[in-house]
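Below: one structure, written as structure tokens.
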Amino acid sequence: MRPAKISDDRLYRELSDIFRRKGYDGASYSDLMKATGLVKASLYHRFPGGKAEIVDAILSEVDREFSEYVVKPAFEVGAPLDRARKIARRLREFYESGQQWCLLDTVTLADSPSTREHARRSMEFWIDAFARLGRDAGLSPAIARRRSQEAVAAIEGGLVVSRVLGDRRPFLRSLASLPKRLTVGRLQES
């Protein structure tokens, strides 16, 4: 019997889905095999380092997508507020309006230093991209960085609250406030 074939895109999508829903420790090889149609030997052939290597590869794929699409407008020319709005739309698309759980949330619960380190680098990239918008809008580097950290915290928190409550509105509100949070000098609290 020939081994199952699966495209890299589908492989990463299916593996990501399992790790998003079950976390690092909860994702079994049985789950991974069922989702991908691959036998355990095929998974180990592709990822000899086991689950840690699988998660690293998935996070690298998410990093690529974030860099090339989601936060790319932070590095483009144009009005910072318009670029931030574009990022908010792309985040909404990426997280399926709050229905897609965040991989960084679920895989970092494991006792895997390499996974946590990769997630830290991923989040730093995200924060740095957001801070660039703030600096381009005239905010001081310190304020731009603080606002970008707060924005990422609001987005991540919105995803968690949306998942727990089964209500996507907290996530959508975090995206609605994102452009002004990142680019407006003085924010009025509502």
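Condition check ((1) charged (D, E, K, R); (2) farther than 21 Å from R64 by Cα; (3) not in a helix (DSSP H, G or I)) across all residues:
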residue: W101; (1), (2), (3): no, no, yes
residue: T106; (1), (2), (3): no, no, no
residue: G134; (1), (2), (3): no, yes, no
residue: A144; (1), (2), (3): no, yes, no
residue: A176; (1), (2), (3): no, yes, no
residue: P179; (1), (2), (3): no, yes, no
Filter segment 127-159 for residues that are out of contact with any helix residue (DSSP H, G or I) (no Cβ under 6 Å at 6 or more places or on another chain) and under 17 Å from C102 (Cβ atoms); the one that is surrounded by the fewest Cβ atoms within 10 Å (Cβ to Cβ) is A153
Pair list, Cβ < 8 Å and 6+ apart or interchain, from segment 91-105 residues that are without any contact (Cβ under 8 Å) to a residue 60 or more places away in the chain to residues that are assigned to a loop (DSSP other than H, G, I, E, B): F94/Q100
If we ask which residues in segment 19-45 are more than 16 Å from A57 (Cβ to Cβ) and not hydrophobic (A, V, I, L, M, F, W, C), their number turns out to be 11
Given (1) within 16 Å of the chain's Cα centre (by Cα); (2) closer than 19 Å to V107 by Cα, V70 misses just (2)
Quick check on this structure: which one of R132, R146, R120, R116 is in contact (Cβ under 8 Å) with a residue 12 or more places away in the chain and either on the phi < 0 side of the Ramachandran plot or charged (D, E, K, R) (or both)? R132
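I need the full set of residues from segment 12-61 which are of a type in the set (S, T, N, Q) and in contact with a Cys (Cβ under 9 Å, 6 or more places away or on another chain), in order please.
Here is the first cut: in segment 12-61, the ones of a type in the set (S, T, N, Q) are 16, 28, 30, 36, 42, 60.
Correct list: empty.
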L182 closer than 13 Å to Y95 by Cβ and of a type outside the set (S, T, N, Q): no
Before we move on, is L15 out of contact with any strand residue (DSSP E or B) (no Cβ under 9 Å at 6 or more places or on another chain) and surrounded by 20 or more Cβ atoms within 10 Å (Cβ to Cβ)? yes
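None of the figures in this text is laboratory data; all of them are computed from the coordinates on show. Predicted model only: the values in this text are computed from it and were never measured. Heads up, the Cβs are rebuilt from the backbone with ideal geometry, glycines too, and the neighbour counts pull from every protein chain shown.
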